[in-house]
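Contents: one structure, followed by commentary.
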């Protein structure tokens, strides 16, 4: 099995606004690093236009509500990318570019090798986590920590 993850957020401003410029300018670099990491399997892609990442993938038609959906070989490979690379610097600064959401915005789940989850599938997993709490079906970092 591989590990899928979805992270959603709502930008504080449209993607072409100066308030999110630093974040937008870093997308290609951070996503490119992720794709070169050992254990990276797949990423939901946008149009491929430079500096857009997956930001064209809107949730509920809201152009500021964006998603990142990836698949990794293991928890350890995702954890290394998230917490031990330049990605961590942007994670630590997310409040500069993203609204604080009242609901859970991150979910992980296991997928068969070769499976590329759709955004609809990922949003269902997120809703499952929000509604039912952590389980083998949908979980976050704390659930994995508690299981070890």
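If you go through region 22-30 one residue at a time, do you hit one that is within 19 Å of residue 140 (Cβ to Cβ), exposed (fewer than 13 other Cβ atoms within 10 Å of the Cβ) and modelled with pLDDT of 90 or more?
no
Taking into account only those residues within region 98-133 that are modelled with pLDDT of 95 or more and in contact with a helix residue (DSSP H, G or I) (Cβ under 7 Å, 6 or more places away or on another chain), which is surrounded by the most Cβ atoms within 10 Å (Cβ to Cβ)?
Restricting to residues being modelled with pLDDT of 95 or more and in contact with a helix residue (DSSP H, G or I) (Cβ under 7 Å, 6 or more places away or on another chain), the top hit is 107.
Within region 108-140, can you find the residues that are assigned to a helix (DSSP H, G or I) and touching a residue at least 40 places away in the same chain (Cβ under 8 Å)?
119, 122, 123, 125, 126 - these are the residues of region 108-140 that are assigned to a helix (DSSP H, G or I) and touching a residue at least 40 places away in the same chain (Cβ under 8 Å).
Name the residue, out of 78, 91, 69, 101, that is in contact with a strand residue (DSSP E or B) (Cβ under 8 Å, 6 or more places away or on another chain) and either in a loop (DSSP other than H, G, I, E, B) or free of Cβ contacts under 8 Å to residues at least 12 places away in the same chain (or both).
Residue meeting the stated conditions: 101.
The values are calculated or read from the model by the stated rules, or taken from the named source; none is laboratory data. Being a predicted model, the structure only gives us computed values, none of them experimental. Glycine also receives a Cβ, built like all others from the backbone with ideal geometry; neighbour counts cover every protein chain displayed.
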